[in-house]
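Some notes on the structure that comes next.
The values are calculated or read from the model by the stated rules, or taken from the named source; none is laboratory data. Computed from a predicted structure; not experimentally measured. Please note: Cβ atoms are built from the backbone with ideal geometry, for glycine as well, and neighbour counts cover all protein chains shown. SASA here: full protein model, heavy atoms, side chains in, ligands and nucleic acids out. Shrake-Rupley method; radii C 1.70, N 1.55, O 1.52, S 1.80 Å.
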Amino acid sequence: MSGLKPRILIVEDETAVVTLLRYNLEHEGFEVDAVSDGEEALVAVEENPPDLVLLDWMLPQLSGIEVCRQLRRRPGTKQLPIIMLTARGEEADTVRGLDAGADDYVPKPFSPAELTARVHALLRRARPALSEESLTVADIRMDLAGHRVRRGEREVKLGPTEYRLLRHFMEHPGRVFSREQLLDAVWGRDVYVELRTVDVHIRRLRKALNDEGGADLIRTVRSAGYALEPPAG
């Protein structure tokens, strides 16, 4: 289930700060990636969008403020939760960071406990599914506590991988994921799995969901990947 952990991208060029953040966030159950400059950050977000970004203000190549502005201009990351980290503590700097599109602002030195609490709070607002006991998309309902799935009145029997795939889709309805992104999210980045394995499990998931003739809610996007979308109207 590790692939379903919320993933945090740390953008910070101070190794000691990255080590501190990584330790505390992983202890809280998050998956953590880190890059050390602004240009790397934009590439990392484009290739594998995280659930939240911890973004330092002062960075090599491209400042945190500019990274934030560029992410806010992109349709795919317009709503991406961003917390700015900086040694700048003046009110004018705080306003500048928030005006650039940051959701929250934490001056250094910071309390790791306070920072992780802010991460949890921001993620709950951005992705309510993380704090829910069930997920619902169209007529599909997933009971997270009971590990059961129903479509309408029918119980849907799923294998562990199909369950994780469906959960990932239901946490991000309408969003298109490439095969590579699904491998990272569902299987984990430390596991080697061939891309065509994703197609096999998508077919199994479709068959289980549509066994009694329901509308196919899994959309195949040519050359892009897959999405779970409720029927129009």
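Only the Cβ atoms of Lys and Arg (+1) and of Asp and Glu (-1) were treated as charged; on that basis the dipole of the chain about its Cα centre amounts to roughly 1080 debye. For the range 55-78, the residues whose amide N sits under 14 Å from a probe point set 7 Å from the Cα of GLU14 along the beta carbon direction are 55-60. Net length available on complete extension from ARG125 to ARG175 is 16.2 nm, with 0.36 nm assigned per residue and the Cα-Cα distance removed.
Considering only beta bridges that DSSP places wholly inside the range 108-233, some 100 percent are antiparallel.
Over the chain, accessible surface divided per residue gives 52 Å², non-protein components excluded, 1.4 Å probe. The DSSP beta bridges internal to the chain are antiparallel in roughly 50% of cases.
Ignoring any ligand, DNA or RNA, what whole percent of the accessible area of the chain comes from carbon and sulfur when the probe is 1.4 angstrom? Carbon and sulfur atoms account for 48 percent of the accessible area of the chain. Within the chain, the longest run free of trypsin sites (Lys or Arg not before Pro) that sit in a DSSP loop with at most 11 other Cβ atoms within 10 Å is 79-156. The relative contact order of the chain, computed from alpha carbon pairs under 8 Å that lie at least 6 residues apart in sequence, is 15 percent. What is the chain by shape, rounded, prolate or oblate, if you read a ≥ b ≥ c off the alpha carbon gyration tensor as root eigenvalues and call it rounded for a/c under 1.5, prolate for a/b larger than b/c, and oblate otherwise? Verdict is prolate for the chain. Partners of LYS5 within straight-line reach, counting lysines whose Cα lies under 25 Å from its Cα and excluding those fewer than 8 residues away in the same chain: LYS78, LYS157.
Each Lys or Arg adds one and each Asp or Glu takes one away; over the other residues whose Cβ falls under 13 Å from the Cβ of GLY174, this sums to 0.
Largest GNM mean-square fluctuation across SER178, SER223, SER134, computed for the chain with C-alpha springs under 10 Å, falls on SER223. Of the residues GLY213, GLY64, GLY38, the one that moves most in a GNM of the chain with alpha-carbon contacts below 10 Å is GLY213. Summarising the amide proton neighbourhood of VAL32: residues at separation of 5 or more, or on other chains, whose placed amide H is nearer than 5 Å comprise ILE8.
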